[in-house]
Structures are given as C-alpha cells and as structure tokens.
Amino acid sequence: MAMYPMTLNMKKELEGITHEVMVHGFHTWVIQLPEAFIHRRVDQPLSAKPPLHALVIGINKYKENVHLVGAVPDALAFKSYLIDDLCVPEEQITLLVDEQATRANIIEALQNIGRPDNGINRDDPIVIYYAGHGGQIDPPPDKTANRLPVQCIIPQDTSKESDVVPIPDFTIGALVHCIAQEKGNNITVIFDCCHSTVGSRNIPENVRFVDKADLPKLPSSLDEDIIQATSSDFQDVLNLPSPEILFGDQDSHVTLAACGYGEAAFEDTVEKRGYFSSALLKLLRSVQIDSLSYRRCIQRLPQLLTRQPQNPVCEGKHADRMFFNARVQGPSACYIPIKPDADGLYLQAGLVHGITPGATYDIHASDVPDPSDPPLATLEVHSVEPFVSHLKGTDVPNLPTVCYGRQADCGPSRTLDIHITQEFADEAVPSDVWARLFRGSLHELVVRPVEPELASVIVSVNSKKETTFTLKNPVLVEHRIETLPSPDYPTIPPEAERVIPVLTSLSQWDWHLRHTPDVRPFHKMIDIEFYQLQMTGEYTDEGNPVLVPEGNNLNADGVADIIANLENYYGFKVVNRSRENLYVSMVDFSGQWEHPVADTPNPTIPANASLTIGYGSGEQMPLMFALNDDQDIDVNFFKFFVSSHPINSGLLEQGSPFGDERCDPPESKMKELFEKDALWDALTISVVQRAHPKEEDPVRIPPPDSTTTEPPAEPEPTTEPTTEPTPAPAPDPDPAAGPGTGIPFTGRSEEPLQVQARSAAVVNGAWFRTPALTKELIASIRGMMLRTFSKQQVPAGATETEQTGAYYEISVIGNDDLPKLLSDETEMIYRSHSAPSDSEYKWENGVAFDESHELWSKLEPGDCFEVMVVARGRGWVNDADRGHLVFW
C-alpha cells in the first residue's frame with residue numbers, strides 16, 4: 001500500500017488541524033482537511049461486475065385508479081442507485097413503469113427471475129422493488145374459510161370493467177418462493193405502498209392505497225398454476241388461518257415496507273417522490289452498503305415528515321443480514337490499515353471519516369477482496385480520535401503485523417444522529433469535552449454526525465447566540481413546535497457542559513419514543529381509543545364523580561386534536577382483541593419538555609377485554625390538559641407498552657434537561673425495560689393541545705432573525721380535515737404588515753363561488769386576491785398555504801385524474817393585472833389541492849409552498865396572489881364556500 005509522505009510543514013499543519021478538531025470536536029471542520037490526509041483508507045476498485053439482479057416497478061398512471069406522481073420517479077431513482085452507486089450493469093435490471101407494469105408483465109418478470117440458466121446463480125442477490133398503489137381486499141371465495149383480508153399490489157391495468165384483478169399476497173409469495181427454491185434466499189423485496197387497510201375514516205390524499213370498493217373481486221382458483229408450482233410446505237402455509245406470506249418470519253426473503261400495519265404510505269407531491277423511498281435512498285447512499293443490516297437500516301431511517309404517522313418496517317427471518325448478504329460492495333471495497341501501538345490496535349481512520357464508537361470491523365490479512373481471505377476476528381471501535389480509532393479486544397492470536405479492517409456494522413442503534421450547523425460551531429465555547437463527545441468516551445451518549453436530512457436533532461444558535469435544538473419528529477414539525485428550549489425554560493449557552501446533558505436526554509427520549517420490538521406480536525390486536533369524558537351526576541363510594549365517554553373516539557390514525565381547557569376531562573380505552581392476558585403501562589412523553597413520565601401501574605387486560613385509563617372502575621383520575629399563557633399549542637406523546645409480563649416503565653422517568661436539575665438517565669436501568677424474557681409491543685398516540693380551534697389558530701410572520709437554524713422542510717397539511725364551525729365575523733381590512741410586527745398577512749374570500757364544467761374544457765373563476773406585496777413582506781415571508789371550506793360534485797362513475805376534477809389554483813399577478821411569466825413564457829399558475837369529494841362542506845389544507853418553490857422567484861413589490869376556483873371535465877362542480885391564504 002502506498003502511504004503519503006509527510007513533510008515537516010504538512011506535519012505542523014496536521015497538528016494544528018488536529019488541535020482544532022480536538023478542542024471543538026465538530027464534523028464541520030472536515031472541510032478544512034488537506035486532501036492527502038483524508039485518503040488514509042484503501043479503496044480497492046472491484047473488477048468484476050456485482051452479481052445483483054433487480055426487478056424495478058413504478059406506476060403513476062393507472063387505467064382506472066387515482067394517479068400518483070412519485071412512484072415512477074422513485075423507481076427511476078432506485079434504478080439509478082443500483083447503476084451509479086452499486087455499479088450494477090443495466091442489463092441485470094428489468095424496469096417496468098406505467099403501461100409496461102401490467103398484471104401479466106409483472107408476473108412474467110417475476111417468473112423470469114426464477115428460471116434456470118438465466119445468468120442468475122444460486123445465492124446471487126436479487127432485489128424486487130415496487131412503488132405504486134397497494135391495498136387490502138377480500139379473499140377469493142375458495143379461501144374465505146381460512147383467510148383474513150388479502151394484501152395486494154395494484155398493477156397498472158387493474159380494472160373492474162375488464163376484470164383485471166390485483167396481484168394478491170399469496171401470488172407474490174408463491175412467485176418469490178419459486179425464485180428462492182431455484183436461486184436461494186438472498187432476496188430483498190421493497191414495497192413503497194400501503195399493504196393493509198388505511199386507518200383513516202376517509203382515505204387521505206396522496207397515499208398509495210386503493211380501497212377495495214374500487215377494485216374487482218378476486219375469483220376462485222386465482223393464479224392456481226403459480227401456486228401449484230410451489231412446494232407442499234408453502235401450500236401448507238397458505239391454508240393457515242392468518243398466513244404471513246409477504247410479512248412475518250419468512251425464510252425466502254427480507255421485506256422492507258414503507259409503513260406499518262394500518263398506516264398509510266404517503267407521497268410528497270411537491271418533490272414528486274415517496275417519503276419512504278426518498279429517505280431510504282438518502283440513507284443507502286450515505287453508508288457502505290455491505291456493512292448495513294436490513295434491520296439497522298430501518299432503525300436508522302429518519303422520521304418521515306408525513307401528515308400521519310408512517311413507520312417503515314423490516315420483516316423476515318434474515319432481517320439481521322447485511323444488505324444483499326454482503327455480496328454487493330458498491331464501487332469500492334474499503335479496507336482500512338490497522339497499526340499496533342503500545343496500548344492496542346488503531347484503525348487508521350476516525351471521526352473525519354464518519355466512524356463512531358461501537359462500530360465493528362472484520363480484520364483481514366489482505367486489502368484485496370478475496371473469498372480466500374476470511375475475517376481473522378471482528379473488533380469493536382472503543383473510542384475515536386480525528387484520524388484514528390482505538391479498537392477493543394486487542395488480544396487476537398496470530399494477528400499479522402500488517403492487517404486491515406473492513407466495516408461489519410455501523411454502530412449501536414441508540415446512536416443519536418445529529419447535525420451541527422456552522423453557526424453553532426462558530427459560537428461554541430472551546431472545550432476538550434467536545435472531543436470526548438465524538439470520541440465516544442461519554443458512555444451515556446453516542447452521536448453520529450450526519451447531514452440535516454438524516455438527523456434526529458439539529459444543533460444551532462439563534463440571533464442571541466443561544467443554543468437551539470431542532471427535533472425532526474413529524475408531529476412537532478407539523479405544528480411548528482420542533483425547536484427547543486421553549487420560551488419558559490432557561491436559555492442554553494453554546495457550552496459543552498450545558499449542551500451535552502440536553503443531547504443525552506434527547507437521545508434517550510428519541511430512542512424510547514421510537515423504539516419498538518423487532519417482532520410486533522400485538523400491534524394488530526390492540527386498539528387505543530381516546531375520549532372526552534362527561535359527568536353522569538353519580539358518585540363512587542369514595543365520593544369521586546363517575547365519568548363516561550362523550551362522543552366518538554378522538555384517536556384518528558394515532559393523533560388526537562383537542563382544545564386545552566381544565567374544564568374538559570379525557571381518558572383512554574385500551575382494547576385487547578388477542579387471546580392472551582396482557583399487561584399495559586402508559587408513558588407520557590411531552591413534546592415541549594422532553595421528560596417521559598410513567599403515569600400508570602401495570603394493570604392486566606384479560607383476553608378479548610378492555611381497560612380504561614382516566615375513568616371507569618377504581619379511583620382513577622381523568623386526564624386534563626392546559627397550556628401556559630404564552631403557548632398556542634403543545635403535544636404529548638402517550639406510549640402504551642403491552643407485554644405478556646409486567647413492565648417496569650418507571651425506569652423511564654427523567655426530569656426536563658432544560659430545568660434547574662439536569663439529569664442523565666441511567667442506561668443500565670433503561671435496558672431492563674426491554675431485555676426481559678417476554679413478548680412485548682408498543683403503540684403511540686399523539687395528543688395535540690391547542691389554545692384555539694384549528695380555524696382560529698393565528699399564522700404569523702416570525703420576527704426577523706429569530707434563529708439561524710436552517711428551517712426544516714415545510715410540513716404536509718393535516719390529513720383528515722374536520723368540519724369547522726362558522727368563523728367569527730371577518731376582521732377589519734388588514735393593516736400594513738411588516739416583518740416582526742406580529743400582524744397577520746393574508747387574503748380571504750368575501751363570498752362563495754361555484755364553478756361547473758359542462759364540457760371537457762377547463763372552467764375557472766377568480767375568487768379572491770391578497771393585498772399588494774411590499775418589499776418588506778417579500779423579504780419576510782417563508783411560506784404560503786391555501787385553506788378552503790368546500791366540496792365537489794363528481795359525475796357518476798368518474799374518478800379525478802390530471803385531466804379532470806375540481807381543484808384550486810394560485811396565480812402570481814403582476815402590475816399589469818395578469819399572471820406573471822417565467823423565463824420560458826410559462827404562466828406562474830400553480831395547483832394547490834382538490835376540493836373534497838363529500839356531501840358536506842369540509843376544510844382542506846393545500847400544498848405548502850415553501851421558500852424554495854419557484855412561485856417566489858419573480859416576486860416584486862406591487863405583485864399579489866390570486867386564488868382561482870377550477871372545474872375540469874363534464875359534470876364536475878367545485879363548490880367553494882370560503883377560504884383564505886395563510887403565510888408564515
């Protein structure tokens with residue numbers, strides 16, 4: 001191996017940089033490193049082409065069902081990743097998009113993978129990627145006795161009229177099983193679609209799901225020839241009462257799915273990508289693929305900023321394998337030299353190369369990938385310096401003088417992914433504690449520096465040089481309370497002694513809130529219901545009032561939205577539909593104060609029974625919610641631990657890291673919660689508390705330079721709108737607003753407008769405009785969203801497409817009273833959202849146009865925004881009752 005010669009001047013430069021990194025310890029200083037110092041690992045190009053073979057499917061344009069916008073871009077991006085990042089030859093990839101992805105073509109492509117003598121050898125890695133609609137449908141008549149509803153993917157030509165049915169899970173499972181019989185079980189199946197009934201009362205927009213009412217029914221003996229080609233063992237599985245064919249503990253393949261049971265897989269309609277696929281590819285491109293296991297991949301995914309909880313899952317007997325069973329290494333195999341020293345072995349790479357404590361490395365005698373060079377040992381990184389890493393367990397017998405490390409695992413799952421902004425690095429008070437943080441010698445806290453998109457926490461400073469911690473929890477981001485500390489807590493200076501305790505608590509909070517077991521034994525059998533309570537006028541023997549539920553279950557897909565008022569009482573009902581007696585414990589994770597508190601003991605729920613919390617038998621006290629005077633909104637996350645044995649959730653209690661008493665939760669005790677020999681599961685509900693009803697929530701322009709933290713991506717609008725009461729009378733004309741004044745700038749309708757299309761042509765009507773924009777407003781506004789109270793009338797049998805429907809458009813109007821033009825002469829008119837297809841008026845949020853959108857690119861003082869009501873296609877009606885634009 002060639003080493004770079006080091007001159008005296010280079011040595012002095014290196015020592016200076018090393019001191020800078022050691023004192024401050026920030027990933028941001030990597031950009032200062034001379035090129036020569038970074039190339040201390042050995043990158044050996046792979047001469048042979050990777051043996052991976054892939055089937056990639058993406059469907060946007062369906063024959064009958066609602067079109068998507070991100071599935072084909074996702075498929076093309078995944079193909080690009082295979083070719084550009086993993087060096088897979090294009091001839092080893094089959095791509096089916098839109099009209100190519102018919103039922104017959106998808107089945108034929110899967111059958112082709114399993115054929116003998118097709119160039120795919122046994123145990124070669126195979127990946128099957130699907131982006132498009134999924135669904136859940138009734139089983140065919142000959143399987144109704146044994147089967148629960150069938151999960152399925154929706155081919156492009158699925159049609160009630162032509163009777164082309166979805167591809168059910170038992171057909172896909174049979175096809176994958178046949179591939180595994182012939183080619184081995186090194187098979188990865190990736191679904192970016194919904195795979196079970198979406199939990200919403202109404203299916204939200206922009207999800208990859210088709211309701212069974214819109215799908216043809218499955219006939220008897222469907223795909224019988226495919227099933228008969230499988231082994232008798234697989235056919236026996238099909239006859240089980242509730243077979244787990246694509247999901248569960250399967251030996252034939254590993255499944256990565258965009259969402260969990262009952263959840264929705266969302267698309268980002270602005271970026272035109274699926275949230276899951278986009279996050280997955282960002283992560284895969286940031287790691288060495290052959291040192292990342294499937295399970296760890298899902299654990300490392302950032303939280304998806306979707307409008308409802310979307311939690312990707314990994315299932316299969318071999319979920320702890322490295323990706324593609326470590327047979328695809330990407331463009332190079334990274335072998336890092338190892339040097340012995342007086343106190344042990346040192347890997348010749350460190351912090352600046354992204355190595356973190358807890359990562360493991362296989363030790364090889366050679367730096368050339370070769371099956372004849374098996375690992376001599378596997379060692380764990382104990383501590384990390386800027387350029388070297390100290391390895392544990394150095395008493396390896398017969399270790400050659402010259403050897404190399406190749407990463408086997410990227411590190412512990414409890415590592416906190418953080419991004420430290422340059423602004424914080426510039427203001428941080430020098431301390432050797434920063435180096436200890438990244439070196440991994442703080443024991444209770446292990447951090448991994450990452451890019452903002454992959455971070456759980458972004459550390460920065462505001463205009464007053466006070467530390468801010470921006471969380472990437474999607475519920476907090478949606479409601480704009482993701483930045484800590486909140487105003488009623490002491491400020492945190494950018495000092496290691498103050499910042500690190502906060503990061504420690506945030507690390508534990510984030511991990512415990514997100515953590516679920518690898519196997520989910522109860523999540524399909526437990527329902528969490530949340531009710532407002534009312535007094536009956538009766539009292540218990542102890543003199544406490546008897547409370548009962550009032551109205552419907554407020555838990556809508558894991559989120560309840562309430563008005564915080566001490567006069568209102570609330571309670572939970574946990575329903576156990578399993579056949580086992582279970583223990584339940586509830587833990588409250590507050591969104592703004594970050595301290596999990598175990599609120600209940602461990603009551604038992606008998607099989608097929610329910611448990612109430614906050615009302616019912618015993619001396620239970622109801623839940624009450626209140627906000628501080630300076631708060632408009634807050635969120636509490638209630639996590640329910642369900643187990644076959646008692647759970648000591650009291651071990652999770654910790655105080656606020658922003659209060660006078662800082663605390664570091666004991667890691668050893670926290671492990672006890674999850675390492676009992678018991679089956680357990682966890683479910684979470686977010687309770688959003690508002691000072692005002694949704695329609696009255698003020699959206700104000702933030703004060704100038706309130707923080708230097710890079711703002712996170714704009715949240716998706718609320719999924720399931722609720723009918724709003726008649727708002728208060730319209731306010732007086734908007735006063736002149738400016739940055740920092742706190743005066744809302746908006747535009748709102750003055751009267752309803754109904755637009756009806758009587759032909760295929762577009763019919764639109766101008767509804768309302770904003771006041772003219774000023775120079776100060778243009779500089780201050782960061783985003784805009786249209787909110788409407790409306791409904792649409794749909795022609796019988798029609799489905800909204802890109803060419804038909806009832807929707808809203810926003811135009812940028814110039815001084816000539818016409819839409820402004822882009823450089824290519826395109827009018828600056830942008831689609832916001834569709835009117836709801838409902839018999840009653842409903843509130844809907846449109847697309848959030850953030851500051852990166854081209855809509856803002858040509859704004860000048862005097863311009864304004866105009867909202868258009870649009871109907872397109874014969875018989876479509878857009879009935880707009882009222883609406884307004886909101887800015888922030």
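The values are calculated or read from the model by the stated rules, or taken from the named source; none is laboratory data. Just so you know, these numbers come straight off a predicted model, no measurement behind them. In this analysis, Cβ positions are derived from the backbone assuming ideal geometry, glycine residues included, and neighbour counts consider all displayed protein chains.
Numbers at a glance
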read-out	value
Criterion: within 24 Å of the chain's Cα centre (by Cα), assigned by TED's automatic domain parsing to the domain that holds Ala682 and surrounded by fewer than 20 Cβ atoms within 10 Å (Cβ to Cβ) - qualifying residue of Leu554, Leu566, Leu513	Leu554
Residue within the stretch 579-596 that is polar (S, T, N, Q), in a strand (DSSP E or B) and under 26 Å from the mean Cα position of the chain (by Cα) present	yes
Hits in the stretch 119-144 - residues which are among the small types (Gly, Ala, Ser) and farther than 29 Å from Ile203 by Cβ	Gly119
Verdict on Ser293 being buried (at least 22 other Cβ atoms within 10 Å of the Cβ) and of a type outside the set (Val, Ile, Thr)	no
Subset of the stretch 532-569 (residues that are free of Cβ contacts under 8 Å to residues at least 60 places away in the same chain and closer than 23 Å to Val642 by Cβ)	Asn553, Leu554
Qualifying residue in the stretch 829-841 (condition: at pLDDT 85 or above, part of a strand (DSSP E or B) and touching a Lys or Arg at 6+ places or on another chain (Cβ under 9 Å))	no
Test result for Thr684, in contact with a helix residue (DSSP H, G or I) (Cβ under 8 Å, 6 or more places away or on another chain) and at pLDDT 75 or above	yes
Total residues in the stretch 364-380, condition in contact with a Leu (Cβ under 9 Å, 6 or more places away or on another chain) and closer than 15 Å to Asp290 by Cα	1
The stretch 78-118 - residue that is in a helix (DSSP H, G or I) and touching a His at 6+ places or on another chain (Cβ under 9 Å) and, of those, surrounded by the most Cβ atoms within 10 Å (Cβ to Cβ)	Ile113
Meets criteria (of a type outside the set (S, T, N, Q), assigned to a helix (DSSP H, G or I) and crowded, with 21+ Cβ neighbours inside 10 Å) for Leu476	yes
Test: residue in the stretch 866-875 that is more than 24 Å from Thr770 (Cβ to Cβ), modelled with pLDDT under 90 and surrounded by 17 or more Cβ atoms within 10 Å (Cβ to Cβ)	yes
Meets criteria (under 26 Å from the mean Cα position of the chain (by Cα) and over 23 Å from Asp426 (Cα atoms)) for Asp527	yes
Odd one out for Thr604 among (1) farther than 24 Å from Asn473 by Cα; (2) surrounded by fewer than 19 Cβ atoms within 10 Å (Cβ to Cβ); (3) modelled with pLDDT of 90 or more; (4) not small (Gly, Ala, Ser)	(3)
The stretch 480-509, residues that are within 21 Å of Glu453 (Cβ to Cβ), surrounded by fewer than 22 Cβ atoms within 10 Å (Cβ to Cβ) and not hydrophobic (A, V, I, L, M, F, W, C)	Arg480, Thr483
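Per-residue answers, yes or no, for (1) modelled with pLDDT of 85 or more; (2) more than 30 Å from Ile563 (Cβ to Cβ); (3) not in a loop (DSSP other than H, G, I, E, B):
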| residue | (1), (2), (3) |
| --- | --- |
| Pro717 | no, no, no |
| Pro729 | no, no, no |
| Pro735 | no, no, no |
| Gly738 | no, yes, no |
| Glu751 | yes, no, no |
| Ala760 | no, yes, no |
| Phe768 | yes, no, yes |
| Pro771 | yes, yes, no |
| Met784 | yes, no, yes |
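Every residue, every condition in (1) part of a helix (DSSP H, G or I); (2) in the same structural domain as Gln288 (by TED's automatic domain parsing); (3) modelled with pLDDT under 85; (4) touching a helix residue (DSSP H, G or I) at 6+ places or on another chain (Cβ under 6 Å), yes or no:
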| residue | (1), (2), (3), (4) |
| --- | --- |
| Leu379 | no, no, no, no |
| Leu399 | no, no, yes, no |
| Arg414 | no, no, yes, yes |
| Phe438 | yes, no, yes, yes |
